[in-house]
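Read the structure below first, then the notes.
None of the figures in this text is laboratory data; all of them are computed from the coordinates on show. Everything numeric in this text was worked out from a predicted model, so none of it was measured. With ideal geometry, Cβ positions are generated from the backbone for all residues, glycine too; neighbour counts draw on all protein chains shown.
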Amino acid sequence: MTVIAVVDYDMGNLHSVCKGLEKAGATPKITDSQKELEKADAVVLPGVGAFDPAVQHLRARGLEKPIKDAIASGKPFLGICLGLQILFESSAEGVEPGLGIIKGTVRRFHREPGIAIPHMGWNQLELTHPKSNLWEYLPSQPWVYFVHSYYVDPQDPQVCAANVTHGSQTVTAAIARDNLMAVQFHPEKSSNIGLQILSNFVSQVWTQVAA
């Protein structure tokens, strides 16, 4: 049984994420326990809401070190939406320091005529690292579902795994580095493409557990 810990810090769309993981063949476990994160085969960090409350809640529950330890241990780790942004050092949305696992910051889309903020709805990914395990069996420009006003700007462009264009701005939509993957969009809301992405993540977990 492949157990994936889904981090509970009162900021995530937990049940939708869990349903998506279940459809992909995993056994998700919602938890804020350090021991459960250590025992799990993989970790998913979801997130919906604002940057400052998110990192405040994580730190109040003593989850910053367990998250960093899980990533350092080499087990598969997937961040979703706000769960991507809080991996960075800082955000224009607030004043709290992020987890600093990925060097870089979170920026706000600039306003331009005819372009809505937040960036909400379906948009196409440009896969900058098409050989990433997360993108297996996907078309070259898959449609996925976004809801965000801020985007990540990694210091190292090599961690960027996909981009998305909104108006005149092309920004990072996903990152990948070793066992760490994170996406700005919501795979659990992205129909068959999202399910395939979650299935790819679960397959990676299975492969690592079996090794």
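Annotations for the structure displayed:
- Pairs of lysine residues in the chain that meet both criteria, 8 or more places apart or on different chains and Cα atoms under 24 Å apart, total 27.
- At least 20 Å along the helix axis (C-alpha) and Kyte average at least -0.5, DSSP helices within the chain: 191-210
- Overall Cα dimensions of the range 95-142 - principal axes, largest extent first, Å: 39, 35, 15
- Total formal charge among the other residues, if their Cβ is under 10 angstrom from that of ASP52, Lys/Arg +1 and Asp/Glu -1: -2
- The chain: calculated mean residue ellipticity at 222 nm from DSSP helix runs of at least 4, using -39500 (n - 2.57): -8500 deg cm²/dmol
- Rounded to the nearest whole Hz, the Karplus-based 3J(HN,Hα) values (6.51 cos²θ - 1.76 cosθ + 1.60, θ = phi - 60°) of the range 103-115 follow the sequence 6, x, 9, 10, 10, 9, 4, 7, 6, 8, x, x, 10, with x at glycine and proline.
- Residues of the range 1-28 with amide N under 18 Å of the 7 Å Cα→Cβ point at TYR137: 2, 19-27
- Cα gyration tensor shape of the range 3-210, rounded if a/c is under 1.5, else prolate or oblate by comparing a/b with b/c: oblate
- Applying the Karplus relation 6.51 cos²θ - 1.76 cosθ + 1.60 with θ = phi - 60° to the range 142-159 yields 3J(HN,Hα) values of x, 8, 9, 9, 10, 8, 6, 10, 10, 9, 8, 10, x, 5, 9, x, 5, 7 Hz, where x marks Gly and Pro.
- Spin-label zone in the range 132-152 - amide nitrogen under 14 Å from a point set 7 Å from the Cα of THR170 along the C-beta vector: 141
- Projected onto planes of every orientation and averaged, the convex hull of the alpha-carbon atoms in the range 75-168 covers 6.7 nm².
- Summing charges over neighbours of GLU188, with a neighbour being any other residue whose Cβ is under 15 Å away from its Cβ, gives +2 when K and R count +1 and D and E count -1.
- Overall form of the range 1-68 per C-alpha gyration tensor (a/c, 1.5; a/b vs b/c): oblate
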